[in-house]
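The block underneath contains the structure these notes are about, expressed in C-alpha cells.
The values are calculated or read from the model by the stated rules, or taken from the named source; none is laboratory data. Values in this document were obtained by computation on a predicted structure and should not be read as measured data. As a convention, Cβ positions derive from the backbone with ideal geometry for all residues, glycine included, and neighbour counts pool all protein chains shown. Only protein heavy atoms, including side chains, enter the accessible area calculation; ligands, DNA and RNA are left aside. Shrake-Rupley method; radii C 1.70, N 1.55, O 1.52, S 1.80 Å.
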Amino acid sequence: YTEMAYKDEMLPTSVPELQRTNLAAVVLQLKAMGVNNLLEFDFMDPPPAQTMIAAMEKLYALGALDDEGLLTRIGRKMAEFPLEPVLAKTLLTSIQLGCAEEVVTIVSMLSVENPFYRPREKQAQADQKRARFLQPEGDHITLLAVYEAWKNSKYSNPWCYENFIQARSIRRAQDIRKQLLGICDRYRLRVDSCGRNYDLIRKSITAGFFMHAAKKDPTEGYKTLVEGQPVYIHPSSALFNKNPDWLIYHELVLTTKEYMRNVMLLDPKWLLEFAPKFFKKADPTVLSKRKRAEKIEPLYDRFNDKDAWRLSRRRG
C-alpha cells in the first residue's frame, strides 16, 4: 500500500469481525446457550442491531426459531453441528429424506477449499480430467462424484495427483465427514443412502439454501430471487453454458462480475414445499409491486409528446 493510502484511506483499526460478517451462526449458538434477549447482550463490540435482526429473520425462515424468537426443536439440533445454519438445515433435512450418507459428503466438500487445481502449464489436461467428474445436476453432485471416485481408489494420493485433485483439501473433507457422522451417531440420527436418486439430495440442499435461489434473466445472466441482484454462472461450473431456468448457488464471488460458485438445478415447486415461511404462491390475477412499477417505454417519436398514445404501425 502507498503512504497516501495508509494515511487517508485506511481505518485506524480494522472493523471487528463480529460487526461485518453474517451473524446467523453466532445468534444460533447464543440462543442454544439460553441467551434470548440478544439486543441487550453485553458484546465487547456490539454488532449493528439491524444485522442481528436480519440473522434472526434468516433463522426463523430456516425453522430454527419460532414466532416468539425462541429456539425450536430443529434449531436445537442445528446448534449441535459445527456448521453454518444453512448447511446444518441441509443435513437435518437429508436425514428425514433418507439421503444423509451423500449429503454429509457434499456438506464436507463444501466446507473446504475447491478440491480442483489447474496448474498453468497443464490447464488443458486438468480441464479434461475435471470434465470426467462433471454431473448434469450441478456442482454439488460433481463434488459427491469426486469424493466417491477417491473412495473407490482406496483414498489414494497418486490418484489425486493424476486427476488434479488437491489431496490436502479432500483429506480435510474426510476429517469433517467423520466428525459429522460422529455427531449423527451420538444423537442417534439415521444416516441412510439414496443411491442415485439425486432429487432427494437436491431437495435437501434446497431446504437449506432456498435464499440462494436465482432465476434466468431474459436479457442476460440470472437474477437472485431475494434481492434481484444480477449474477452469472462461474466458468468453472458443471452448468456453465447450460443456462437452466432456475438455480441454487452456494456462494457469490465478485471478480469482473458477480459469479455464483457451486450451482445446482432447482425445481421452483420445492421452494414452496421447503420454505413456506419465506415463499408463497403468487396470485396469477394480481400484479406484483415489481410488475406494477414496470412501464412499457414507447418507441421514440420526435413529432409527438413522450407519453402520447399512437399506433405502432402507420399506413401510407
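Residue-level check: of (1) free of Cβ contacts under 8 Å to residues at least 60 places away in the same chain; (2) crowded, with 17+ Cβ neighbours inside 10 Å; (3) more than 22 Å from the chain's Cα centre (by Cα), Cys184 misses just (1). Residues in the range 208-266 that are closer than 26 Å to Ala24 by Cα, in a loop (DSSP other than H, G, I, E, B) and out of contact with any helix residue (DSSP H, G or I) (no Cβ under 9 Å at 6 or more places or on another chain): Glu227, Gln229, Thr255. Kindly indicate whether Leu97 is open to solvent by 40 Å² or more (accessible area, probe 1.4 Å) and either at pLDDT 95 or above or of a type outside the set (Val, Ile, Thr) (or both). Judged against the criteria, Leu97 is a match. From the list Leu225, Leu266, Leu239, exactly one residue is out of contact with any Ser or Thr (no Cβ under 9 Å at 6 or more places or on another chain) and open to solvent by less than 40 Å² (accessible area, probe 1.4 Å). Which is it? When all the criteria are applied, what remains is Leu239.
If I filter the range 103-115 down to residues being out of contact with any Ser or Thr (no Cβ under 6 Å at 6 or more places or on another chain) and either assigned to a helix (DSSP H, G or I) or over 19 Å from Ser237 (Cβ atoms) (or both), which single residue comes out as most open to solvent (accessible area, probe 1.4 Å)?
Step by step, filter the range 103-115, then rank; the result is Leu110.
Checking the stated criteria, Gly69 turns out to be part of a loop (DSSP other than H, G, I, E, B) and not aromatic (Phe, Trp, Tyr). Pairs linking a residue in the range 157-176 that is among the aromatic types (Phe, Trp, Tyr) to a residue that is not in a helix (DSSP H, G or I), with Cβ atoms under 8 Å and 6 or more positions apart or on different chains, are Trp159/Ser153; Trp159/Ile165; Phe164/Phe116; Phe164/Tyr117; Phe164/Arg118; Phe164/Pro119. For the range 116-134, filtered to residues that are touching a residue at least 24 places away in the same chain (Cβ under 8 Å) and among the aliphatic types (A, V, I, L, M), the residue that is least open to solvent (accessible area, probe 1.4 Å) is Ala126. Between Arg202, Arg190, the distinction of being in contact (Cβ under 8 Å) with a residue 60 or more places away in the chain, open to solvent by 50 Å² or more (accessible area, probe 1.4 Å) and not aliphatic (A, V, I, L, M) belongs to Arg190 only. Counting the residues of the range 21-61 that are part of a loop (DSSP other than H, G, I, E, B) and farther than 18 Å from Phe81 by Cα gives 12. Can you spot a residue in the range 47-70 that is of a type in the set (S, T, N, Q) and open to solvent by 60 Å² or more (accessible area, probe 1.4 Å)? Within the range 47-70 (the criterion being of a type in the set (S, T, N, Q) and open to solvent by 60 Å² or more (accessible area, probe 1.4 Å)), the answer is yes, since at least one residue qualifies.
The criterion of at least 1 residues that are out of contact with any His (no Cβ under 7 Å at 6 or more places or on another chain), among the polar types (S, T, N, Q) and within 30 Å of Ala213 (Cα to Cα) is met, among helices (runs of 4 or more DSSP H) falling completely within the range 123-202, by 123-131, 139-152, 167-186. Would a scan of the range 16-34 turn up a residue that is modelled with pLDDT of 90 or more, within 30 Å of Asn197 (Cα to Cα) and in contact with a strand residue (DSSP E or B) (Cβ under 7 Å, 6 or more places away or on another chain)? No, the range 16-34 has no match at all.
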